[in-house]
Amino acid sequence: MDVALRYHEVVDEIATVDHELPPAPGEDEHLSLALANSVIALPGGHFIDHLGTPDAANRWLTERDLAPVDSGMRDMCASQLRSLREQVRALFAARVSALPAIPAALSSINDALTRVPTAPLLQWDDKAGPYRAAPHPTTQIVDHALATLAADAADLLTSDEADRLTACGSAPCTRFLVRRGRRTWCSTRCGDRARAARAYARRTGRDTP
């Protein structure tokens, strides 16, 4: 295939996925599933990373009410989110494959869970006096977001829905979903691609990947 043609196909697919790929089943109920799926694999080894830059990470958090628009995300903050994502993905993959969890992944989740106080702290205003409120200075926004995402991952992995947690069955997609019925695709796009691959395999006598 002509290199220029293939380049434009990849660019078109990236643009299509970026704007039209719907949330995988379960993402609307589980923030941790949305976190795990915030990096999207495309054919040819290409990726879309919605946490790839501080601005992108800030936008992703804002869209899920985990940070204000003007929180001033920095490289280190985005890196922390990407790190937690990889640990959550590792735990989801272990659960799907019925394998032991990686100790480092468990430690990362538990560290995020215990990083912030669970109860509103006692605050004191010089004029109004004492009051209870959770601390949310800019420097702690990411800690609260990490704790919320880690708690959701822990809830999902210990819930009845964990038995329906699965990986998308259409390579090269690496998204996870909570299975509804017999569906094992994260989107119509992936389902169509898997059916096309099976049809091609039947025509050529090759095994479907």
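For His46, no residue 5 or more places off, or on another chain, has a built amide H under 5 Å of its own. By the Stokes-Einstein formula, at 0.890 mPa s and 25 °C, segment 28-147 with its Kirkwood radius over alpha-carbon pairs has D equal to 153 µm²/s. Full extension of the chain between Thr53 and Arg203 yields a length gain of 49.7 nm, computed as 0.36 nm times the residue separation minus the alpha carbon distance.
Tell me, how many Å apart are the Cα centres for segment 142-184 and for segment 43-68? If we compute the Cα centre of each part, the gap is 18 Å. Residues whose amide H falls under 5 Å from that of Leu165, counting only those 5 or more places apart or on a different chain, are Arg179, with hydrogens built in the peptide plane.
With R₀ set to 22 Å, the beta-carbon distance separating Ala133 from Asp70 gives a calculated FRET efficiency near 0.65.
Taken one residue at a time, the phi angles of segment 120-126 give Karplus couplings (6.51, -1.76, 1.60, θ = phi - 60°) of x, 7, 7, 10, 9, 9, 4 Hz. Gly and Pro are set to x. The simple spin-label model puts a point 7 Å past each Cα toward its Cβ; for Gln123 and Ala41 those points are separated by 4.4 nm. Karplus-derived 3J(HN,Hα) values for segment 61-70, using 6.51 cos²θ - 1.76 cosθ + 1.60 with θ = phi - 60°, are 5, 4, 5, 10, 6, 9, 6, x, 4, 9 Hz; glycine and proline are entered as x. The string of couplings for segment 162-178 from the Karplus curve (6.51, -1.76, 1.60, θ = phi - 60°) is 4, 5, 9, 6, 8, 9, 4, x, 10, 5, x, 4, 10, 6, 9, 8, 9 Hz, one whole number per residue in order, with x for Gly and Pro.
The H on the amide N of Gln123, modeled in the peptide plane, is under 5 Å from the matching H of Tyr131, Arg132, Ala133, each at least 5 residues off or on a different chain.
Taken together, the values in this text are just the output of simple stated rules run on the coordinates, not laboratory data. Fair warning: this is a prediction, and the values are worked out from it, not measured in the lab. Heads up, the Cβs are rebuilt from the backbone with ideal geometry, glycines too, and the neighbour counts pull from every protein chain shown.
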